[in-house]
Amino acid sequence: DQQVKQNSPSLSVQEGRISILNCDYTNSMFDYFLWYKKYPAEGPTFLISISSIKDKNEDGRFTVFLNKSAKHLSLHIVPSQPGDSAVYFCAAISNSGSARQLTFGSGTQLTVLP
Amino acid sequence: DVKVTQSSRYLVKRTGEKVFLECVQDMDHENMFWYRQDPGLGLRLIYFSYDVKMKEKGDIPEGYSVSREKKERFSLILESASTNQTSMYLCASSLYWSSGNTIYFGEGSWLTVV
């Protein structure tokens, strides 16, 4: 049973427009969420995170929104750039748990078209 | 700067061979991880280690074993490689988990079993 779901395997966006990547979770114990970006043939790199005490966290062009009641988070990239083309993974964990419990979604391939 | 190094980037092995994947981190992290990444399945945890000589099975440990004799080094062992173990393998490390932490990935090892 997937506890973290990214239902869109792929997304294409025009350069300069907004990219919205979505992630749903089922485990109500999750209280810390992370987004990772992965280029082909490279390891994932940390992008942005959010704690459940917040509903929004912003870092430059990247903003993550958390809707706890809907068990839904989204990553907004504004404006999108061709270099943002990558696979994006969301991940979730309970801060009272061990790092072993970090759970990843299946990823969304973002393609930003020039 | 954080560094997780996977010694082999690309390997081709025959069915039945014993395979060693080595990982070294230079951040003095307590936690180390081995994941595999397959299209549509995201990142799945194979094994986790929280200290020297300590290990926990992840979600898909079958066919794998691990070794952590030194804090900085975590090895993944395929005792008898099979074609369904063809995948990208990712090593990662982190401090003991608490809010604000993240895990740091190596660049990945592409294993093909023929």
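Read-outs throughout are calculated quantities, based only on the coordinates presented, and are distinct from any laboratory measurement. Treat the numbers as computed from the prediction; the structure is a model and nothing was measured. Heads up, the Cβs are rebuilt from the backbone with ideal geometry, glycines too, and the neighbour counts pull from every protein chain shown.
Here are some notes:
- Of all residues in segment A:37-51, those satisfying the criterion of being in contact with a Phe, Trp or Tyr (Cβ under 8 Å, 6 or more places away or on another chain) and surrounded by fewer than 16 Cβ atoms within 10 Å (Cβ to Cβ) are A:ALA41, A:THR45, A:SER51.
- Qualifying residue in segment B:31-42 (condition: in contact (Cβ under 8 Å) with a residue 60 or more places away in the chain, in contact with a strand residue (DSSP E or B) (Cβ under 7 Å, 6 or more places away or on another chain) and over 29 Å from A:PRO9 (Cα atoms)): yes
- Check on B:TRP97, under 11 Å from the mean Cα position of the chain (by Cα) and either more than 9 Å from every other protein chain (Cβ to nearest Cβ) or not in a strand (DSSP E or B) (or both): no
- Residue match in segment B:52-70 (condition: closer than 27 Å to A:LYS37 by Cα, more than 14 Å from the chain's Cα centre (by Cα) and not hydroxyl-bearing (Ser, Thr, Tyr)): no
- The one condition in (1) of a type in the set (S, T, N, Q); (2) under 17 Å from A:VAL13 (Cβ atoms); (3) crowded, with 20+ Cβ neighbours inside 10 Å that A:THR63 fails to fulfil: (3)
- Considered as a group, the residues in segment A:88-114 that are of a type outside the set (Phe, Trp, Tyr) and under 10 Å from the mean Cα position of the chain (by Cα) include one that is surrounded by the fewest Cβ atoms within 10 Å (Cβ to Cβ), and that residue is A:THR108.
- For segment B:1-47, filtering for residues that are loosely packed, with under 14 Cβ neighbours inside 10 Å and of a type in the set (Lys, Arg) leaves 4.
- Filter result for B:LEU76 (within 22 Å of A:ASN95 (Cβ to Cβ) and surrounded by 13 or more Cβ atoms within 10 Å (Cβ to Cβ)): no
- A single entry from A:ALA41, A:ALA91 fulfils the requirement of being closer than 27 Å to B:MET88 by Cα and free of Cβ contacts under 8 Å to residues at least 12 places away in the same chain: A:ALA41.
- The lone criterion from (1) within 11 Å of chain A (Cβ to nearest Cβ); (2) out of contact with any Gly (no Cβ under 6 Å at 6 or more places or on another chain) left unmet by B:VAL4 is number (2).
- B:GLY63 passes every criterion in (1) on the phi < 0 side of the Ramachandran plot; (2) more than 10 Å from chain A (Cβ to nearest Cβ) apart from (1).
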